[in-house]
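Q: Have a look at this one before I ask anything.
The values are calculated or read from the model by the stated rules, or taken from the named source; none is laboratory data. Worth saying up front: this structure is predicted, and the values here are computed from it rather than measured. Please note: Cβ atoms are built from the backbone with ideal geometry, for glycine as well, and neighbour counts cover all protein chains shown. Heavy atoms of the whole protein, side chains included, go into the accessibility calculation; ligands, DNA and RNA do not. Shrake-Rupley method; radii C 1.70, N 1.55, O 1.52, S 1.80 Å.
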Amino acid sequence: MAFKRQIDRLPIPPADAKVHNVTCHYCIVGCGYKAYTWPRNKQGGTAPDQNALGIDLSQQQGAMGEWASPSMYNIVKQNGQDVHLMVLPDQECVVNGGLASIRGSRMAENRPSEVTGTQQQRLTDPLVWRYGTWQPTTWDDALDLVARVTARIIAEGSEDDLVVSMFDHGGSAGGYENTWGTGKLYFGSMKVKNCRIHNRPAYNSEVHASRDMGVDELNYAYEDYQLTDTIFLIGGNPTETQTNLFFNHWVPGMQNGARVVIVDPRRSLTVQHCEQVAGPENVLHLAINEGTDLALANAIFTHIADQGWVDRDFIEKSTFRGDVAVGEDEAHPAPLGSFEMAVEKCRISVDEAAEICGVPAADIVKAAEWIAKPHEDGTRRKCVTAYEKGVIWGNDNYRTIGALVNIALATGNIGREGGGVCRLGGHQEGYFRPSDAHVGRPPTYVDRLLINGGGKVHHIWACDHYKTTLNASEFKRIHKKRADMVKDAIDAAAGKTREELVDAIVDAVNRGGLFVVDVDIIHSQIGQNAHVILPAAESNEMNLASMNGERRLRLSERYMDPPGQAKPDCLIAAGIAQHMERVLREMGKNEYADQFKGFDWESEEDAFMDGYHSANPEVTYERLRAMGNNGVQEPVVGFEDGKLVGTPRLYADGVFTRHGREDGKALFCGGAWRGWQAAGKEEEKKSHRFWVNNGRANIFWQNWFLDQENEFVMDRYPYPFVEMNPEDMAELGLVAGDLIELYNGNGATQGMVYPTPTAKRGHVFMVFASPMGAQGNIVNPGVNELVLPDYKHVWADIRKIADAPKEVKGISFKSKEVVL
Amino acid sequence: MKCNRLVDVGRRQFLRGGLVATAGAAASTVVGAGEARATPALAQVEYPSNRLANVADLKVNEPMDIAYPDADSPGVLLKLGTPVEGGVGPDGDIVAFSVLCPHKGYILSYSGEDRTLNCPGHFSRFDAEAGGQQIWGHATENLPQFVLRVDDKGDIYAEGCTDLIFGRMSNVLA
């Protein structure tokens, strides 16, 4: 039986409720919301002048009208007082136009509340491993231990003994303030090279090819979807993962006549929803064989070139006109250079690609026509290319992304209305750090370093590799073993002095142990291995600036207190730096200690001014506040008439700069199709029955870190769903809801089988990063030349574990496709 | 098979507006000057008991348009043919739901084919056989389900609602 809230009335925000700008801190789209807060003992009335919404609440509101779902309400602490909180989608925000997603609508109820009992999993105090478990303590006590162990290890070895996992995103607990705080510590004060990002096992770009070609991956404006002739989607599923980009921009685009080409081995919900809006005749779904995107893209590129459907003028003026500009080498998995070079290198016939991709040749031609064939009057066709993790975490990342940018460059679809070749994005962006050049390219494969016994101290910032890394079975086993050595050493040193404790820890790490510091908002799964746990704040418990998928920069304002002693990450980083400086001086290392100066920040705004503002002098908190939920599109180029002036789309002048070339010319990528690129993929495919496709679903945010305590979500999916064709289910003796194990040579994981008639035989789709069954357990360690993982290509066998458990009985297993 | 009838009827009811007849309206009392006596506020929303239909009026899998708790809140009464948790009537298979999508208030349409309620606005859908659980969509509550009672004569009464109805800060408008 479905979860019933049993709520039939909500408090009304009074006319004088405080109003705060909020950018949803979940996905890349960054929908605008308004947070209303008011004292616990006050309430508004139904008359328009009695409530903050200014509408007659005694009447039924119409469709798209203002309404608070119970999930948009909570009682939280603000300056120490209990206040009502209501977070409603902003009707005036150009990003979402008043729409709310299933994630953003739950911002209020996903706040920690001592009154309503929500999110009591949030960390409130620094914790240290003491007496065989984690004990609360002061910031000074916890940071002293972190600094003493870290400084000692670096002093006796080098900064290479410090391994750092740190988020690089905006929104959530990221943002310009917090990437700067961590970046200044690890890339400014130190030059840590053994570091990795939250979602991949190295410190690298997800889109090296695009950047090397001169094209920043977020180059368009969302309105381009409404101005275009064709939307070309490859490896993305925006109706689920960028929901209001789809409904507020794609849908009007299709209603304006745009056709859609979708490349995805799976019939995703985006395919069905596009068919509903545009009509099936205007949607071309190329359900290619898994991992063959490059062959398809190169065939489209070849066909476009051969037909002459290219923008000659653009190629002449804005792209490199020699032969090879950057040769293929260890850091560049394909040569970069001229259009002609790329056509020659990438050449593959439509028929050959049809064979590789398993789709009709005529459909590939049709896709090329929809993307590039000029209109009957000779005018060029406008096309937006959108891609995401299907190719980023796919086969041959570098060459595949290069192939997509090739198509956009050849057809002049960058920097112009109705164009763009862009990532759809996951989190928002909010990256501002000192140079990472010391990391090197290719960078360290950090997971492998840790598995092989490398590193002695591991600082982790809002990453849970237990749920979100590849080869996770092995990673977890070894990380735990190494961390346990240190726990044992701490336990054995109980009651001794701080110096003796540090000696014991250092001795343990020199014997192969790992000292783990985990900074997070909850006690995560990898946090089980931590010796020090530091409680962080989230967006709206602090002010936070981020930009969305069209580079729209907003300040999401603080409206409540962080729980307990929790602090913004930037101030935690500052605290570590200050303690490092102190400890290093005590050790007599004054010169090194000096490198940790400059962290005397009182607030997140200080960190913002020290970092982002230093390179963007027009941008201040005050000005961002004034720009509200519509913000300004980066880069900010001025301040006029009291408003920040932004840039709707990049490269409108036809000058390409992302690669740093002085000539401003974009490069094409000459990356031919070469089959399975990452080690072990081909063999794994041959020896297992099912391809375990995987990705996100709209109801969850990332690794469920808050959703795991959200009754509405956990009632729907108590276990990660695994979509499977009913005939495959019958052959395995499975019925809906059965718990199944997916296993291969890399490890095993579990899920709940969800019958899906549209699934191809032998393909399953598993929702990723679940705390109840991490898909990463069965991903092999294979990466590309630049250490980008291929999470999407996993093959496994499947067996039944158990009948549907109690919480699974009664939930719906009907098709997710709408029936209208 | 499509059931656009419900969409049309629902929309008409939806647009009609203003015809609020609730228990709340009758509760106001006139008191003499200077005698303002505090009437203790009730802790729960006071729902009307409204007769929706008789069991004999329902056919399996044929949706009946209803409105509850007032004319501005369209709903659907269903006899599913198989007993479901929370179902009433002799066969334990009668349920009723709001048809205002708890995402953005579009009128849901019923698909008899798979016994779901579907939103034409943003494609959310709800399972009539699983207590209105959202199968997929953008709403953050399952479909508000009306609490039903069947009397000795087979008359079906709605007397409550499990979740907040779209477009209202209180299920019973006052």
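Q: What net charge do the residues around residue A:315 carry, taking every other residue with its C-beta under 11 Å from that of residue A:315, with Lys and Arg at +1 and Asp and Glu at -1?
A: 0
Q: Highest mean first, what order results for A:260-271, A:723-734 on Cβ atoms within 10 Å?
A: A:260-271, A:723-734
Q: From the residues A:722, A:757, A:736, which one has its Cα farthest along the dipole of segment A:681-808 in the positive direction, the dipole being from +1 and -1 charges on Cβ of Lys/Arg and Asp/Glu about the Cα centre?
A: My answer, from the dipole projection, is A:757.
Q: Let me ask you something else. Would you mind checking which residues have amide H under 5 Å from residue A:633's amide H? H placed 1.01 Å from N; only 5 or more apart, or other chain.
A: For residue A:633, whose amide H was placed from the backbone, the distant partners under 5 Å are A:553, A:646, A:647.
Q: Counting only Cα, what are the radius of gyration and maximum Cα-Cα distance Dmax of segment A:219-428, in Å?
A: Rg and Dmax of segment A:219-428, Cα atoms, are 16.0, 46 Å.
Q: Can you give the FRET efficiency to the nearest 0.05 for residue A:115 and residue A:375, using r as the Cβ-Cβ distance and R₀ = 56 Å?
A: So, using R0 = 56 Å, E works out to roughly 0.40.
Q: If you don't mind, another one. Could you work out, residue by residue across B:116-127, how many beta carbons of other chains sit within 10 Å of that residue's beta carbon, and then give the average as an integer?
A: For this peptide, the per-residue mean of nearby foreign Cβ atoms is 5.
Q: Averaged over peptide A:707-714, how many Cβ atoms belonging to another chain are found within 10 Å of each residue's Cβ?
A: 1
Q: Moving on to the next point. If every alpha-carbon in segment A:187-238 counts as one equal scatterer, what log10 I(q)/I(0) does Debye give at q = 0.17 1/Å?
A: -0.81
Q: Still on this structure, I have one more. Quick check: convex hull of the Cα atoms in segment A:630-717, volume per residue, rounded to a whole Å³?
A: Hull volume over Cα atoms, normalised by residue count, gives 245 Å³.
Q: A further question follows. Kirkwood Rh over Cα pairs of the protein assembly as shown into Stokes-Einstein at 10 °C, 1.306 mPa s: D in µm²/s?
A: 53
Q: To continue, here is another question. What does the structure give for B:104-110 when I average, per residue, the other chain Cβ atoms found within 10 Å of the residue Cβ?
A: The per-residue average across the peptide is 4.
Q: In sequence order, what are the phi-derived ³J(HN,Hα) couplings for segment A:268-280 according to the Karplus relation 6.51 cos²θ - 1.76 cosθ + 1.60 with θ = phi - 60°, rounded to whole Hz, with x for glycine and proline?
A: So the Karplus estimates, Gly and Pro as x, are 6, 5, 4, 4, 5, 5, 5, 4, 4, 7, 8, x, x Hz.
Q: Just in segment A:306-375: which GluC sites (Glu not before Pro) are loop by DSSP and have at most 10 other Cβ atoms within 10 Å?
A: In loop regions of segment A:306-375 (DSSP not H, G, I, E or B), the sparsely surrounded GluC sites (Glu not before Pro) are A:330.
Q: For residue A:676, enumerate residues with amide H under 5 Å from its amide H, sequence gap 5+ or separate chain, H modeled in the peptide plane.
A: Amide H to amide H, under 5 Å and 5 or more residues apart or across chains, residue A:676 pairs with nothing.
Q: Per-residue ellipticity at 222 nm for chain A, helices alone: DSSP H runs ≥ 4 residues times -39500 (n - 2.57), over residue total, nearest 500 deg cm²/dmol?
A: -8000 deg cm²/dmol
Q: Further question: With θ taken as phi - 60° and the coefficients 6.51, -1.76 and 1.60, list the Karplus ³J(HN,Hα) couplings across segment B:91-103 in order, rounded to whole Hz; mark glycine and proline as x.
A: Once θ is set to phi - 60°, the couplings for segment B:91-103 become 9, x, 10, 9, 9, 9, 9, 5, 10, 8, 4, x, 9 Hz.
Q: Hey, another quick one. Count the DSSP beta bridges whose two residues both fall in the protein assembly as shown, then state the antiparallel fraction as a percent rounded to the nearest 5.
A: Here the antiparallel bridges make up roughly 70 percent for the protein assembly as shown.
Q: Can you tell me what the convex hull of the Cα atoms of segment A:62-181 projects to on average, as an area in nm²?
A: Across all orientations, segment A:62-181 yields a mean hull projection of 11.6 nm².
Q: Then there is this: Read phi for every residue in segment A:247-261 and hand back ³J(HN,Hα) as whole Hz from Karplus 6.51 cos²θ - 1.76 cosθ + 1.60, θ = phi - 60°, with x for Gly and Pro.
A: 7, 9, 10, 5, 4, x, x, 5, 5, 7, x, 5, 9, 10, 10
Q: If you average 1/r over all unlike Cα pairs in segment A:327-369 and invert the result, what Kirkwood radius do you get in angstrom?
A: Radius from the Kirkwood sum: 12.1 Å.
Q: Of A:108, A:50, A:94, which is farthest along the charge dipole of segment A:18-110 in the positive direction, counting Lys and Arg as +1 and Asp and Glu as -1 at C-beta?
A: It is A:108, whose Cα lies furthest towards the positive end.
Q: Whole Å is fine, so just give me how far the alpha carbon centre of segment A:404-419 lies from that of segment A:520-571.
A: Comparing the Cα centres of segment A:404-419 and segment A:520-571, I get a distance of 37 Å.
Q: How many square angstrom of accessible surface are buried between A and B, both sides summed, with a 1.4 Å probe and rounding to 100?
A: 4800
Q: To continue, here is another question. How large, in Å, is segment B:50-161 by the Kirkwood hydrodynamic radius built from its alpha-carbon pairs?
A: That comes to 13.7 Å for segment B:50-161.
Q: So how far, in whole Å, is the C-alpha centre of segment A:77-137 from the one of segment A:152-228?
A: 25
Q: If I model segment A:18-110 as equal point scatterers sitting on the Cα atoms and use the Debye formula, what is log10 I(q)/I(0) at q = 0.26 Å⁻¹?
A: Per q value, in the given order, log10 I(q)/I(0) is -1.46.
Q: Divide, for segment A:719-786, the radius of gyration over alpha carbons by 2.2 N^0.38 Å, where N is the residue count.
A: Relative to the rule-of-thumb radius for its length, segment A:719-786 sits at 1.17.
Q: I would also like to ask the following. How big is Rg to Rh over segment A:115-228, alpha-carbon atoms, Rh as the Kirkwood inverse-mean-distance radius?
A: So for segment A:115-228, dividing Rg by the Kirkwood Rh gives 1.09.
Q: Within a Cβ distance under 14 Å of residue A:670, other residues only, what is the Lys/Arg minus Asp/Glu net charge?
A: -3
Q: Determine the sum of side-chain charges near residue A:489: Lys and Arg each +1, Asp and Glu each -1, restricted to other residues whose C-beta is under 9 angstrom from that of residue A:489.
A: -1
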